[in-house]
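Here is the structure we will look at.
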Amino acid sequence: MNGSIRFLVAALALCVTLAPTTTLAQDVAIHGFASQGYLRSSDNNFLGGNTADGSAEYQEFAFNISSNIEDNLRVGVQFFARDLGPLGNNEIELDWAFGDYRWQDELGFRVGRFKMPYGFYNETADFDAARTAILMPTGVYDQRFRDLLVAVNGIQTYGRVNVIPGMSGGLDYTAFYGTTGMPADGSVDRTFDAEYNSLPNPAMGGLSTGTNLQSASVNSVAGGSLQWETPLEGLRLGGSIVNYDVEFNFAFNDPMLSGLYQAFGGPSTLNFSTQNTNFSVFGAEYTWGDFVFAAERSIWKGTFNSNAPSIVAQVDANLLDSNVPPGMATVDIPLEIGSDKVNYSSWYTQGSYRVNDWFEVGSYYSIYYSNGDRTKDSPNDYQQDISISTRFDISYAMTFKLEAHFIEGYGQILSDLNPTLMSDRSELSDSWTMFAAKTSFVF
Amino acid sequence: MKKITLFALALTVTVVTSLPAHAAKVIVNGVDAGSVNAEVVKNVFLGKATKIGDTKVSFAILASGPTHEAFLDDVVGKSPSQFLSYWRKLAFSGKGSMPEEFGSEDALVAFVKSTPGAIAYIGDGTATDGVTVVALD
């Protein structure tokens, strides 16, 4: 057990000791949760490491402390750790920490690190007990890009206004500006490494055109969200948009190719930057008694501009094949590093029903497309998921869930979890299932 | 045009039929009773409003029971599990703290009585000495 985990366990123990009241003083509150899950897939490995053999690398822990230090001023901090296959490894991170000045109900400000308002559920995506399902719809709430969406370091304004005088309901708005960190070996890092890895390319003299993400920085992130609670009791409509100014620096995996590229005037690392990458999502949620229905659609569009000139490297064939005598032949290696566009989209619809005090059922249909045409020509173009969830509230503080997923396509699985993806896609299954179990403790 | 009329009619019927029945009584201390209505009370208990009129308010809830269920259903528009989940989401996103809970209606009345700007709810049989009972029309 490393130091950070010992610290977390000690903090949780302290919080558990205090849990019966959850209030230290009049205005100081402590809360926390701990979750342990299990994932098993019939074929492809997805999210939680080696799920085809069953994986318990699926945990989340959090604790927070907050206080109203003045009438309109609130401060708080939450620490969070998780393990999801290769991600997280239970390293403690600062989840949120901000001061919240609520000048009026119509206008308030938060300064610090706050959860990103994106869609109906992004701010509590790590909190299992908040929902019926174990795995949220993986297209709209895409774990691969969690680092970009989890939180913002900056300033946020928010409030609630009544848009139709005399009618019930109201409009909750928020807008924010800041930046966010992308940890090395985090979800984005691994996703891009997996996406842009490649095998030796015969057309390029056997060199690997694969790249490895060296660094990534978010220069700025700006966005906003609107949620309208309509006069129709239980119905709310919402939309969010987030714009990024991001830079990624990649290096070639193959040192020979990297050397060649620099020898012909190319940079040592490939820089891709974008100022017009947008995540957007809009949807509706309707609560009718013990039923809750929701549907959301998300789009990620962006163009990454490259700093790399397109060149043709003419090299001695002996460098690539020692059987060819030096000076006998040359090989042309085109190095065209152009711009790259992403156009991902997804939508889902889900419903849940609270049967009684301790039992809830739910289901959703979710589909993700990795291409702008939204076609299913290849299993890599999409991932469709039909889920069935059950939730048991064992007590006020403890939940237990069981869930099944029936999945077609594999557009969201990563090559580092599925080595065969790189060499022989036929070994991947385009129709597969996933079983999930999870228990959570909340105080 | 006919479709719009039908939609408007359906909306009106839904809004009217979803007006609260007020099985639980709302009690306040130091709050202008004339400014209290169902919509304001709902917003206070969902953390969307912190003032009634010009008064900063604080609210408290019962931990469980039929009065708690009736109030949430009639005024807030949520079941107890939905209400708990709603506040837990706020607590774990840093946007709010869990409401203060009391185990009995007498304790809730005592809290309101001793706290200027407090608002809560009780059932019919509980004594209301020292607090103002507000009718939600």
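A short reminder: the numbers here are calculations on the coordinates, not readings from a lab. Quantities reported herein were computed from a predicted structural model and do not represent experimental measurements. Please note: Cβ atoms are built from the backbone with ideal geometry, for glycine as well, and neighbour counts cover all protein chains shown.
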Per residue of segment A:62-73, what does 6.51 cos²θ - 1.76 cosθ + 1.60 with θ = phi - 60° give for ³J(HN,Hα)? Whole Hz please, x for Gly and Pro, Karplus curve as stated. 8, 8, 9, 9, 8, 7, 8, 7, 9, 3, 10, 10
Counting only other chains, what is the mean number of Cβ atoms within 10 angstrom of the Cβ of each residue in peptide B:46-53? 3
Quickly estimate the mean residue ellipticity at 222 nm for chain A, helices only: each DSSP H run with n ≥ 4 gives -39500 (n - 2.57), and the total goes over all residues, rounded to 500. -3000 deg cm²/dmol
Given A:341-347, A:125-131, the highest-first ranking by average Cβ count within 10 Å works out to A:125-131, A:341-347
Set the Förster radius R0 to 41 Å, insert the Cβ-Cβ distance between A:SER268 and A:ASN50 as r into 1/(1 + (r/R0)^6), and round the FRET efficiency to 0.05. 0.70
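At a Förster radius of 22 Å, what calculated FRET efficiency corresponds to the Cβ-Cβ distance of A:LEU402 and B:SER64, to the nearest 0.05? All intermediate terms of the calculation are to be shown ahead of the outcome.
Values: r = 26 Å, r/R0 = 1.19.
Efficiency, from the Cβ-Cβ distance: 0.25.
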The long-range amide H neighbours of A:MET182, using H built 1.01 Å from N in the peptide plane and a cut-off of under 5 Å, are A:VAL218
Can you give me the Cα centroid spacing of segment A:45-107 and segment B:85-99 in angstrom? 13
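What is chain A's relative contact order, in percent, from Cα pairs under 8 angstrom and six or more apart in sequence? Could you put the intermediate results ahead of the total?
Working: 1137 pairs, mean separation 60.8, N = 443.
For chain A, the relative contact order is 14 percent.
Once fully extended, how much extra length lies between A:PHE293 and A:ASN343, figured as 0.36 nm per residue of separation less the alpha-carbon to alpha-carbon distance? Mind showing how you got there, number by number?
Working: separation 50, 0.36 × 50 = 18.00 nm, distance 2.71 nm.
Once the chain is fully extended between A:PHE293 and A:ASN343, it gains 15.3 nm.
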For segment A:47-58, in residue order, the Karplus 3J(HN,Hα) values (coefficients 6.51, -1.76, 1.60; θ = phi - 60°; whole Hz; Gly and Pro = x) are 6, x, x, 7, 6, 4, 9, x, 9, 9, 6, 8
Need one number: nm distance between label points at A:ASN323 and A:VAL361, each 7 Å from Cα along Cα→Cβ, rounded to one decimal. 6.5
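What is the calculated FRET efficiency for A:VAL163 to A:ASN219, with r their C-beta to C-beta distance and R₀ = 25 Å, to the nearest 0.05? Mind dumping the intermediate values first?
Details: r = 34 Å, r/R0 = 1.37.
So, using R0 = 25 Å, E works out to roughly 0.15.
After finding the eigenvalues of the alpha carbon gyration tensor for the protein assembly as shown, what semi-axes result from the square roots of 5 times each, listed largest first in whole Å?
For the protein assembly as shown, the semi-axes come out at 51, 24, 23 Å.
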Need one value for B:81-92: mean number of C-beta atoms belonging to other chains within 10 Å of its residues' C-beta atoms. 6
Of the candidates B:ALA70, A:ALA263, A:SER426, the farthest towards the positive dipole end of the protein assembly as shown (Lys/Arg Cβ +1, Asp/Glu Cβ -1, centred on the Cα centre) is B:ALA70
Taking the Cβ of A:ALA56 as the centre, find all other residues whose Cβ is under 14 Å away and add up their charges (Lys, Arg: +1; Asp, Glu: -1). -1
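Can you give me the Kirkwood hydrodynamic radius for segment B:20-134, using every pair of distinct Cα atoms, in Å to one decimal?
Numbers: mean 1/r = 0.0716 Å⁻¹.
14.0 Å is the Kirkwood radius here.
What length, rounded to one decimal in nm, is gained on full extension from A:VAL77 through to A:GLU106, with 0.36 nm per residue of separation minus their alpha-carbon distance? All intermediate terms of the calculation are to be shown ahead of the outcome.
On the way: separation 29, 0.36 × 29 = 10.44 nm, distance 2.39 nm.
In short, 8.0 nm is gained.
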If you plug each phi of segment A:427-443 into the Karplus form 6.51 cos²θ - 1.76 cosθ + 1.60 with θ = phi - 60°, what whole-Hz ³J(HN,Hα) values come out, in order, with x for Gly and Pro? 7, 7, 9, 8, 9, 8, 10, 9, 10, 9, 9, 7, 10, 9, 10, 10, 9
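Once you charge only the Cβ atoms, +1 for Lys and Arg and -1 for Asp and Glu, what is the size of the charge dipole of the protein assembly as shown about its Cα centre, to the nearest 20 debye? Before the final figure, lay out the partial values.
Details: 36 positive and 63 negative charges, 215 e Å.
Dipole size: approximately 1040 debye.
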